[in-house]
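Below is one structure, written out as structure tokens; comments come after it.
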Amino acid sequence: MDDYHSPQTIIAANWKMYKTRKGAAEFFDNLLPLVKDQENLVVVCPPATLLMTIADKYADCGVLFGAQNIHWVAEGAYTGEISAEQAADAGAQFVICGHSERRHYFDESNEMVSHKVDAALNQNLRPILCIGETLEEREAGDTLEVLREDLFASLATVEPTTDIVIAYEPVWAIGTGKVASPADAEEAIGFIRAQLRELWGELACKVSMLYGGSVKPENIAELMACPNINGALVGGASLKAESFAAIINYKK
Ligand code: PEP
């Protein structure tokens, strides 16, 4: 990847554990006519069971696909897991690493996340690294410290690259309907970029940084107006084609 680009705008959908083939086909039938003129990168991360089917069926529709999780080991006796190579083979070009639901429900540590990011990059998958504070941490005034710790530890083994995407996802805003104010999101993402600059130098200015947490058609424009925010990671509002299309087509 060249060194002279500004961060790409990326609108990514995280479908979590929702949809089967029928729902996915209905979604794309409705979505594609609504987003045919947009210029930004659109990524859909479906459940692993749908990845190959929809990546094959919609290969040339302008949408890219991502996995929601991978194991960091290349292959082996890890029942229920998928490797970076398998995700790439199924058609993924991106993979979400360290989503807060995986950190909290499945005890993923920063160390595990760092190895997942490495495993993804080794297979030419672009990791979407998620970090964010809990409500308790925010209320204790620890937000910036938590972000710094998560960022540095989640990148401990990772070489500098603009292939990575970083998503700031305050845990208290995910799936709750409570969105961070644009000022708070900008402050956090500006801080993350400054920390990444300390670690990786000027390359940090070219890394796409997304906001995630109750993004909707009604709040996307004000979030995207913030200088450090280069896109969004969208959960609930990405499940309906109409609302995801409205987010993709936000008015500048
Ligand atoms: C997410 O799952 O990454 C997310 C941001 O969810 P929601 O948009 O539903 O808050």
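Pairing residues of the stretch 238-252 that are touching a residue at least 40 places away in the same chain (Cβ under 8 Å) and outside any helix (DSSP H, G or I) with residues that are surrounded by 13 or more Cβ atoms within 10 Å (Cβ to Cβ) and hydroxyl-bearing (Ser, Thr, Tyr), at Cβ distances under 9 Å and at least 6 apart in sequence or on separate chains, gives Leu239/Tyr18.
Here the condition is being touching a residue at least 40 places away in the same chain (Cβ under 8 Å) and assigned to a helix (DSSP H, G or I); of Leu210, Leu196, it holds for Leu196 alone.
Taking each residue of the stretch 146-173 that is assigned to a loop (DSSP other than H, G, I, E, B) and looking for partners that are modelled with pLDDT under 95 and surrounded by fewer than 23 Cβ atoms within 10 Å (Cβ to Cβ) with beta-carbon atoms closer than 6 Å, six or more apart or interchain, yields Thr162/Met1. Only residues that are in a loop (DSSP other than H, G, I, E, B), touching a Ser or Thr at 6+ places or on another chain (Cβ under 9 Å) and more than 18 Å from Leu50 (Cα to Cα) were counted in the stretch 61-106, giving 6. So for the stretch 191-201 (the condition being among the β-branched types (Val, Ile, Thr), under 24 Å from Val113 (Cα atoms), buried (at least 19 other Cβ atoms within 10 Å of the Cβ) and within 12 Å of the ligand (Cβ to nearest atom)), does at least one residue qualify? Checking the stretch 191-201: not a single residue is among the β-branched types (Val, Ile, Thr), under 24 Å from Val113 (Cα atoms), buried (at least 19 other Cβ atoms within 10 Å of the Cβ) and within 12 Å of the ligand (Cβ to nearest atom). Just wondering, is there one or more residues in the stretch 164-185 that are away from the ligand (no atom under 16 Å from the Cβ) and on the phi > 0 side of the Ramachandran plot? No - not one qualifying residue is present in the stretch 164-185.
Taking the stretch 57-82 as the range and being away from the ligand (no atom under 16 Å from the Cβ), under 14 Å from Ala119 (Cα atoms) and crowded, with 19+ Cβ neighbours inside 10 Å as the test, the residues that pass are Ile70, His71, Trp72, Ile82.
The values are calculated or read from the model by the stated rules, or taken from the named source; none is laboratory data. All figures in this text were calculated on a predicted structure; none of them were measured in a lab. Backbone-built Cβ (ideal geometry, glycine too); neighbour counts: all protein chains shown.
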